[in-house]
1. What does the extension gain come out to for Val318 and Ser140, with contour length at 0.36 nm per residue minus their alpha carbon separation?
2. Would you calculate the separation in nanometres between label points at Trp169 and Glu350, each defined as 7 Å from the Cα along the Cα-to-beta-carbon direction?
3. For Asp145, Asp126, what ranking results if the residue with the fewest other Cβ atoms within 10 Å of its Cβ goes first?
4. For region 244-365, compute the orientation-averaged projected area of the C-alpha convex hull (one quarter of its surface), in nm².
5. Provide the percentage of antiparallel DSSP beta bridges, counting only those with both residues in region 47-200; round to the nearest 5.
6. Hey, which lysines would be in cross-link range of Lys61, C-alpha to C-alpha under 23 Å, not counting anything within fewer than 8 residues on its own chain?
7. Looking at Tyr306, Gly294, Gln330, which one has the Cα that reaches farthest to the positive end of the dipole of region 293-342 (charges on Cβ: Lys, Arg +1; Asp, Glu -1)?
8. Determine the principal axes of the Cα atoms in region 1-142, then give the extent along each, sorted from largest to smallest and rounded to whole angstroms.
Amino acid sequence: MSVETRVVPALGELCRRGIVAAPMAGGVSRPELAAAVSDAGGLGFLAAGYKTADGMYEEIKQLRALTSKPFGVNLFMPQPAADPAALDLYRQQLASESAWYETPIQERDDHGTDDGYEAKLALLVDDPVPVVSFAFGCPSRDELDALAHVGTYTVVTVTTPEEAQAAEWAGADAVCVQGIEAGGHQSTHRDDPQTDGSGGLGLLSLVTQVRETVQVPVIAAGGLMRGAQIAAVRAAGADAAQLGTAFLACPESGAHAMHKNALKNPLFVRTELTRAFSGRPARGLVNRFMREHGPYAPSAYPEVHYMTAGLRQAAARVGDAQGMALWAGQGHRLARDIPAGRLVQVLSAEADSAWTEMALRRSTS
């Protein structure tokens, strides 16, 4: 099948309820979570970030054994190498953490900056999955065409109208529009070392601007926790909604128990964007590690992620949530500890009810 004659499936065919479970790297988006969401009529996702190509493929096989419904796989785009001097300074900053947890800081050359991108992409072309999405940049037209040729639906995550337009020009089938409210990493296509990422746009404003900029379907992401919010982004022009933190507390989620508990723990009163754990702006619950090291963390992803990995794992082993990366969106207090399939059903019913109520208000105004 050539790209020219390809029939692109409607987003609704892949995601009947218009609800996408965000790909959350680090073990959260397990095959069990993706299968439960897809079986309930949503679109479940695997996160290939930080995995080898073989590790990604093993999870795909596990997911295929759990569901026959459409699902997606998310890839991280390769990143530029960081300034060695900046990394050395941050390593000195983290020396006290290394001593406290009795854990060495990993050397910066232990890992590359491409996350095994080419090997993962080649595997997904050779053995296609229904949907592939991208974070931290936009693939080339050739790469998107290669996926299109094997029937894969492609989504590029964007944080500005300009990034959305670039993704459309490159040939993406849809864009995932990420507002500043989103938990985890901000999927900017470039990380400006002169900013902390806090100047991003709120989701409703961003969806509206992107909808007026591109013609491809729009998936809205950022702080969405209730069906009424899904209805609101639909009213703003989104074709579907992507939720991450909402699924974090589900039993199928692979998040650490302390991470799940922290979502509603009164000790963690707010979220902020920080480079402290990974070297790229990411939203998480404010804890000691973030407060002490955030101001000094360089723009150096993924080197800082690997530099702090052992420290974060050590904190988890000793039960110290103050040293963990507790990624969460601004709506974290609204998390519900219910099975993922049930959550999809509840969110869908809430969204339909809110949509009906909005229609009634319009008809009587």
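1. 59.7 nm
2. The answer from the label model is 3.9 nm.
3. Fewest-to-most ranking of Asp145, Asp126: Asp126, Asp145.
4. Values: hull surface 38.6 nm².
With the hull built on Cα positions only, its mean projection is 9.6 nm².
5. 0 percent
6. The qualifying lysines are Lys51, Lys69, Lys120.
7. Comparing the listed Cα positions along the dipole, Gln330 ranks first.
8. Taking the Cα atoms of region 1-142, the three principal extents are 54, 33, 25 Å.
All of the numbers you see were taken from the coordinates with simple rules; none came from a lab. The structure presented is a predicted model; accordingly, all values stated were derived computationally and were not measured. Here the Cβ is made from the backbone with ideal geometry for all residues, glycine too, and neighbour counts use every protein chain on show.
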